[in-house]
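See below for the structure under consideration.
What follows draws every value from the coordinates through simple rules; no lab data is involved. None of these values were measured; they are calculated from a predicted model. Note: ideal-geometry Cβ built from the backbone for every residue, glycine included; neighbour counts use all protein chains shown.
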Amino acid sequence: MIEFSNVSKVYPNGVVGLDDVNLTIEQGEFVGIIGLSGAGKSTLINTIMDGFSPVQQSVFVFRDTIRNNITLFKEFDEEKVKKAADQAGLRELIDKRGLNDSCGENGNKLSGGERQRIAIARALLRGSQVLLLDEATAALDNQTSYAVIDAVLSMKEMTEIIVTHRLEEKLLYQYDEILVMHAGEIVEKGTFQELMQKKGFFYSLYVVSKE
Ligand code: ADP
């Protein structure tokens, strides 16, 4: 479980990144964070991340093989590596290129979706309890985004927290809870249906995005 009470973050220049945030996320929950640019989404993710090993959460791809990018250079059984890759939705890539193919400079031989799945496979292999993803780190098309979310949702015991910029009904329905941020605060939270019924800030963001 992730629990925060009255957490604030003020940057050295005086800008308030988080303003008195209270948050409880149960193990296994799938949580989306939504808000306009500057709302505090990255600050919240970074604050949550501070409680975990940054290596596990990194989406940085090394100029090395697919295998080493999944294992992060630690010894693991071949079977375990393949299983984690499969669950993360990397089977097609590995069938085509093998585990020993290079990911390229900064992962430039991988698509955005594949880079995110590498992060998911890392988390699975290491038995991480929490996966944090920021969709902005990869320019995903809609179809890839659905595929990544499917892979994420198949990991039932893991807590997944995703900063999402996609106001797509079908995707938003999948979250157990959506946290809506504005000016460093969580101004609303709930499922997609709950937030729509509320007709508050989330509702206006959603409606404006459809215009
Ligand atoms: P979001 O991810 O929702 O776009 P951020 O968490 O990046 O929002 O930013 C929240 C606020 O904190 C913004 O006003 C932003 O300008 C400010 N901020 C973020 N990072 C820094 C930083 N390193 N130094 C100073 N201000 C920052």
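Applying the Karplus parametrisation 6.51 cos²θ - 1.76 cosθ + 1.60 with θ = phi - 60° to the phi angles of the stretch 3-13, what ³J(HN,Hα) value in whole Hz is obtained for each residue in order, glycine and proline being reported as x?
Each residue of the stretch 3-13 in turn: 9, 10, 10, 6, 8, 10, 9, 10, 6, x, 7 Hz.
If you stretched the chain out fully between V16 and S204, how much longer would it get, using 0.36 nm times the residue separation minus the C-alpha to C-alpha distance?
Here the answer is 65.3 nm.
So for the stretch 4-137, averaging the separation of alpha carbon pairs under 8 Å that are six or more residues apart and normalising by length, what relative contact order in percent results?
24 percent
Taking Cα atoms, how many degrees apart are the long axis of helix 78-87 and the longest axis of the chain, rounded to 10 and kept between 0 and 90?
40 degrees
Using all Cα-Cα distances in the stretch 92-190, what percent lands in each 5 angstrom bin from 0 up to the longest?
2, 10, 21, 22, 20, 13, 6, 3, 2, 0
Give me the distance in nm between label points sitting 7 Å out from Cα along the Cα-to-Cβ direction at E75 and S37, one decimal.
Roughly 4.9 nm, to one decimal.
Could you state the number of Å between the C-alpha centres of the stretch 1-53 and the stretch 165-183?
Result: 16 Å between the Cα centres.
Can you give me the long-range amide H partners of L131? Hydrogens built in the peptide plane at 1.01 Å from N, cutoff under 5 Å, separation of 5 or more residues or another chain.
T159, E160, I161
When the convex hull of the C-alpha atoms of the stretch 56-103 is computed, what volume per residue in Å³ does it have?
75 Å³
How long are the semi-axes of the equivalent ellipsoid of the chain, taking √(5λ) for every eigenvalue λ of the Cα gyration tensor, in whole Å from largest down?
For the chain, the ellipsoid semi-axes come out as 31, 19, 16 Å.
Quick one: helix 201-210 against the long Cα principal axis of the chain, what's the angle to the nearest 10°, folded into 0 to 90?
60 degrees
Number of Lys pairs in the chain with C-alpha atoms less than 20 angstrom apart, excluding same-chain neighbours closer than eight positions?
21
Sort the following peptides by mean Cβ neighbour count (other Cβ atoms within 10 Å, averaged over residues), highest first: 201-210, 4-13, 109-118.
109-118, 201-210, 4-13
How much length would be gained if the chain were fully extended between D86 and T24, taking 0.36 nm per residue of separation minus their Cα-Cα distance, in nm to one decimal?
On the way: separation 62, 0.36 × 62 = 22.32 nm, distance 3.07 nm.
Value of the extension gain: 19.3 nm.
With a sphere of radius 15 Å drawn around the Cβ of T43, what net charge do the other residues whose Cβ falls strictly inside it have (Lys, Arg +1; Asp, Glu -1)?
-3
Could you sort the peptides 91-102, 23-34 by per-residue average Cβ neighbour count (10 Å cutoff), highest mean leading?
Highest to lowest by the protection proxy: 23-34, 91-102.
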